[in-house]
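K.L.:
The structure's right below; bear with me while I get my questions together.
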Amino acid sequence: MSETDSFIEEVSEEVRRERLFRYIRRYGWIAVLLVVVLVGGAAYNEWSKAQTRAAAEARGDAILAALEASDADARQAALAEIDADGRSAAIVALLTASEAVSADNEAAAVASLQAIEADTAQPELYRQLATLKRLILTTADTAPADRIAALEPLTAPGAAFRILAEEQIAVAEADAGDTAAALTRLQGLLNDTEATPGLRQRVSQLIVALGGEPETTGPDRAVAPLDLR
C-alpha cells in the first residue's frame, strides 16, 4: 500500500471515529436511559414481588393465629379483623362462616357466604362453594323449589360441586314430595363415576329411607350393607 493510500485510510478511519463520537454525544443518552429503565423496572418488579409475598405471608400468619383462638366466637372475631382482598378475602369469609356455624351464629355464617356469592370478582369455584354451603345451612328455612333453582347451575357438566349439588337437589325434591324424581336422581348418583364411597353410602341410605332399593351396576359400585337399626 502506498503512502497516499495509507494516509487516505487513516483519514477515513478518523472521520468514521469522529462521526461515531458525534452520534454517541447526540444519542448516547437514549442508550443510558434504556439501561436505567430496564434496571429500574427489574428492581421494581422484584420489590413488588417481595411486597406481595410478604403481605401473603402476613395474612397466612394472621389466619393461623385466628384459628388457634380458644373458642369459636374468638376465632370468628379474629378472622373478621383480618384485612384480606382478592381470593384471600373469599378464603377468610369461608373460614369465618365455618366458625360462625360452630358458634351457633347462623345469621353471621349466612352473611359471610352471601358476601362471597355477591362478589363477582371472586373465582366461580369459591362462589359456587359459598352457594352450596349456604343452601345446606338454610335447608329448613328455604323452600325446596328455591333450593333447586339455586342449585341447578352447580350441576353443569364439569362443575366442581356437581355431585354434591345433585345430592342436595334430591333432598329438596324429597322435601317437596316428589319422591319419584328424588329416587331417580339418587339412583343416578349411586352409579355416577365421580361419586365418592362416602356419598354413595349417604345416597343408599336416602334411597332406603324413601322406600327404594339401591341399584348398583358393576362390582366397583358396590355399597357396604346398611344397618338402619
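Only the coordinates and a few stated rules stand behind these numbers; no lab work does. Here the structure is a predicted model, which means the values were calculated and not measured. Using ideal geometry, Cβ is built from the backbone for each residue, glycine included, and neighbour counts are taken over all protein chains shown.
K.L.:
Normalise the Debye intensity by I(0) for the chain, one equal point scatterer per Cα, no solvent, then take log10 at q = 0.08, 0.12 Å⁻¹ and round to two decimals.
P.N.:
Values returned for q = 0.08, 0.12 Å⁻¹ are -0.52, -0.86.
K.L.:
Cα centroids of region 103-180 and region 34-77: how far apart, whole angstrom?
P.N.:
Distance between centres, Cα-based: 32 Å.
K.L.:
Over 19 Å apart: what share of the alpha carbon pairs of region 142-229 falls there, rounded to a whole percent?
P.N.:
37 percent
K.L.:
In addition: Got a sec? How would Ser204, Ser70, Ser102 order by Cβ neighbour count within 10 Å, fewest to most?
P.N.:
So the residues, fewest neighbours to most, are Ser70, Ser102, Ser204.
K.L.:
Sort 191-203, 165-177 by packing, meaning the average of other beta carbons within 10 Å per residue, with the highest value first.
P.N.:
165-177, 191-203
K.L.:
Sorted by mean Cβ packing within 10 Å, highest first, what order do the peptides 53-66, 130-143 take?
P.N.:
Ranked from most to least packed, the peptides come out as 130-143, 53-66.
K.L.:
For a bin width of 5 Å, list the pair-distance distribution of region 56-127 built from all Cα-Cα distances, rounded to whole %.
P.N.:
Calculated P(r), rounded to whole percents: 3, 20, 29, 23, 18, 7, 1.
K.L.:
In a GNM of the chain with a 10 Å cut-off on Cα contacts, which of Ala181, Ala72, Ala84 has the highest mean-square fluctuation?
P.N.:
Ala181
K.L.:
Under 14 Å from the Cβ of Ala56, count the other residues' Cβ atoms, weight Lys and Arg +1, Asp and Glu -1, and hand me the total.
P.N.:
My count for the surroundings of Ala56 gives 0.
K.L.:
Out of the GluC sites (Glu not before Pro) in region 79-135, which ones are loop residues according to DSSP with at most 12 other C-beta atoms within 10 Å?
P.N.:
For GluC sites (Glu not before Pro) across region 79-135 that sit outside H, G, I, E and B with at most 12 neighbouring Cβ atoms in 10 Å, the list reads Glu81.
K.L.:
In addition: Cα atoms only, region 82-210: Rg and Dmax in Å?
P.N.:
Here Rg and the maximum Cα pair distance are 15.4, 48 Å.
K.L.:
Same structure, new question: Counting only C-alpha contacts under 8 Å and six or more residues apart, can you give the relative contact order of the chain as a whole percent?
P.N.:
It rounds to 8 percent for the chain.
K.L.:
Here's a follow-up. At 24 Å minimum axial length over the Cα atoms and a Kyte-Doolittle cut of -1.0, report the qualifying DSSP H helices in the chain, or say none.
P.N.:
Helices meeting the criterion: 3-67.
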